[in-house]
Amino acid sequence: MSFQHSHDLSGIHKKRIRWLEFSPKTPSLASGDEGGIVVVWDIHTGLARATLDLKEPITVFAWDRKKKDRLFVGLSTGAVCVIEELKIQGTFVKTGVTGASVHAIASSPSGRIAMAIGSEVHIAHELEHGGWATIDILPAPASFRDFDADARLRPRSLHFHNGSSKLIVSYLNHGIVCWDLSLLTQLWEIPPNESQLNIGYSTYLPQLSVIAATNMSTGVVMYSLKSRKLIGEHEVPLQADRNVPINIANLNDSGRVVSGGHDGSIFVWEIESNELSQRLRHTDDGILQFVAARSTPGYECIASTVAVDAPIVKLWKAQTAPIPTGRRLMLFLDSVTSEILEIPTSYLIIVPLFIAFVAWWYSGQELGISLQDITLAIKTLVQKILNQYIREPIVSAFDYISQEVKRLVLNWLGIRTPDEAQVRHSYAWGRGFLRQ
């Protein structure tokens, strides 16, 4: 599973690239630069699918995990632009914030987005009649000390956990914190320590229950979310005087993480063995600040770029070992449910028929699939249905109720919200749900 250079993506960006990210739904890579240009590349041909000019410096973006070809793009002005079908339509998330850069964006499977804007973390929903708006803002973590000038509050990376019910936030100075989004309460934290004083970026591997982060002094650190203990630490060439954070990404299917370095190299680390799997040379000199990674059946892909004007994005690919039959079945179930079960009533018909078909097929064929594989696949499917169509709506309803109670109490006390009309509109989806 060694990576080999595949394509050079160049000729469009004239300014430094500020973010790279692979699409979870199409074979595409998006890159965004300081000049406001977003390019969406086909990773098989190396050609540009779309070029978009947002006119403002881009700081970060995220692909929507629910809808194909939708991007949430963060700008240095604090705005978050919603790009639909790879076209700029002038839609922005209503956050009420201007002038503070967007540091991180994350999308959840159920349609929520989280945004780190300045010192705040916003949670936003798509509104019933179109558009997006902030519905909650996380409080400061318990370890925040506003009297310490060196401990400014700066969220660096965001990761949804357990569907959309929890959010893991990595802070520059305040460690890693997990939040319950229904109650806006802090569940646990991994406080700063000698190995991780300041966080640059982090990445989350849900299958392994591991979070890996880059720090500003030594390199990469890894934590188990079960024990919340340090399980790995790797040195990466960093120039402490440059104080430039390096990004980190993951290859979740093969249990590896990918980071850059200040010497132009890409590092691929094995989590279980805690060893360096491969070192790739992007350039002989330069700060390799941004990387992206993607695991897909049959191959894995890495993208990298150096912090220079008129940059080149390099693509690297590796063939992967054949996936076991049980694993293929689970991936197929996941792809079917993620696409078809967006229609809330469809699973009532499709799921029983699919289970019956699998049972019939298994009983009449010698496929080498064990009963344990079938049971595990069906269990995964049922869990996804329960989470998406029972648990998530209940959590959303309680979110709406808590916000309505808060608004009624404030009105009773004679305290007006900054924009009551906008708040009422942003909760229209909740009223629609309760009427159903």
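When the Cα gyration tensor is reduced to axis lengths a ≥ b ≥ c, the ratio a/c is 1.5 or higher for the range 98-145, and with a/b above b/c it is classed as prolate. Our estimate of slack between D42 and T185, defined as 0.36 nm per intervening residue step minus the Cα-Cα distance, is 47.4 nm.
Annotation note: trypsin sites (Lys or Arg not before Pro) in the range 206-278 located in DSSP loop regions with a Cβ neighbour count of at most 16 within 10 Å are K226, R228, K229, R242.
Per-residue extension of 0.36 nm, minus the Cα-Cα distance of S273 and V308, leaves a gain of 9.2 nm for this segment. Highest-first packing order for the peptide set 66-79, 212-225, 36-49 is 212-225, 66-79, 36-49, based on the mean count of other beta carbon atoms within 10 Å. Residues E34, E233, ranked from the fewest to the most other C-beta atoms within 10 Å, line up as E233, E34. Legend: residue pairs K55/K166; K226/K314; K226/K406; K94/K166; K15/K87, Cα-Cα distance threshold 32 Å; pairs beyond threshold, K55/K166; K226/K314; K226/K406.
Throughout, read-outs are computed from the coordinates displayed, never taken from laboratory work. The shown structure was predicted, so the numbers you read here are calculated from the model rather than taken from an experiment. Reconstructed Cβ throughout: ideal geometry from the backbone, glycine too, with neighbour counts over all protein chains shown.
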